[in-house]
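Read the structure below first, then the notes.
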Amino acid sequence: MDPISLIVAALVGGLTSGLQDATHETVLAGYRGLRDRLADRYGAGVRSSMADLERDPRSPQVQAAVAHRLREAGASNERELANLAASLMRLIEHPDEALADPAERLRRTGGFNSMADVLYRHIGAIIGVRSQYHIPDEQLLSTRIGRQNQLPVQHRQQLASLHARMRSIIVQVATSIEEARYREVDLALQNMPGGLGVQQRAATLVRADKQLHISYETLRLTVEYFSELNQQAIRSIESSGSIQQESNMMFGNAILLVELTDFVIAFIESFTFDDAIDELHQEALAQIRKLREQQSALGSRLQTDPTIEQTVRDYTLADIANREAALREVEREWDSYISEVRKLRSTVGDVRSKLPTLQVIRENAQLQIQTLQLVAMLRFLKQNSESVRGAVASLQGFRLAPLSPTRVRRLLGMSDAAG
């Protein structure tokens, strides 16, 4: 993409990207930075054309007019502007980068490197076993190796433990990421007003929300690492050297792909969310219904008992109205929160829809172990890469923001409206 097209694409993307609120603010800030830099550098003509773009960002004619103005102004030669545009496009295309702090990126990268190390050591061990024992290649897979009694027990146990080791890495990384995100709310819980009962309810809610995020993050990492490792396999085949190295790479990458797809399929098939949030939601709704029944009974008594003093009747009715407003606010907050949780769960459904594709990838890779044709393998991996990107995009495109202390108070009815 030439620099002007990149700049215009970034401006349009910054105006039209439908990202979640947490990321959208970062994207808008990047857009404004690029827009203001262009306006300051090139003056009224460019500023006017970008104002037109803000009014109608999807218009091809307006986009073309902005591009024409920028070319006339000489923006094609400004590397700084192209870099700003490229950074904005990365935020739009990879929203996780806007949300992840440097420590989180290190955790993700470290987890990926650990996964790659485990997998490549595993492949090296299989190639070693293959050279010493007469076992059909397809029986060397971790799900089948345990039945090969001619192998020493330690070999069988080591090779059969691959998926458990992969899962352990992913769970550790996901947990460390989410624990870091929840540090603020965990500290706020320690000082939350309202007595021990309120603190315990808040802690239960935060614990359930954190577990939801950890579960989702494990799925995101599983699919993300699968996609990245597949890309590595493509690059390794393209850069292979000697015939022996080429042969080992073909075999190793076929094993890698079967093991990865096997792992991802099993992970997705067994993936579930904890029901704790639904239970807390139903509990909150039941409490609201009970309070309304009690308020209704009190209101009826106020209306029918002539012995109650008018002053007491008036301020008690006002209190009932205020409490009803507070209950409606709690209901609205729960509705908003549950709506976000449902969106999160729907993205898992999108990933589950990829299972037939992953099963075909696995079966094809199993056949590939037996055929080991380099050209077919390379084409096959590239096709798989495109197939899996849809699942990665589904997961990266939505993230439920961790509970904040403010939101915990609102869900528990402790906001100003409830006070």
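Computed from the coordinates by the stated procedures, all read-outs in this text should not be read as laboratory data. Predicted, not measured: the structure shown is a model, and the values here were computed from it. Positions of Cβ are generated from backbone atoms using ideal geometry, with glycine treated the same way; all protein chains shown enter the neighbour counts.
Using θ = phi - 60° and the Karplus relation 6.51 cos²θ - 1.76 cosθ + 1.60, list the HN-Hα couplings for the range 349-357 in order, rounded to whole Hz, with x at every Gly or Pro.
x, 4, 5, 4, 5, 7, 4, x, 5
Run the quick spin-label model on L28 and E179: label points 7 Å from Cα toward the beta carbon, then report their separation in nm to one decimal.
3.5 nm
Round to the nearest 0.05 the FRET efficiency obtained for S270 and R313 when R0 = 60 Å and r is the Cβ-Cβ distance.
My answer for the efficiency is 0.50.
Which length gain, in nm to one decimal place, applies between H163 and D40 when the Cα-Cα distance is subtracted from 0.36 nm times their residue separation?
38.7 nm
For an R0 of 41 angstrom, estimate the FRET efficiency from the Cβ-Cβ distance between D278 and R323 and round to the nearest 0.05. Walk me through the numbers before you get to the answer.
Details: r = 26 Å, r/R0 = 0.63.
Calculated transfer efficiency: 0.95.
What residues qualify as long-range amide H neighbours of G413, i.e. H under 5 Å apart, gap of 5 or more or another chain, H built at 1.01 Å from N?
Here the answer is none, since no amide H 5 or more places off falls under 5 Å of that of G413.
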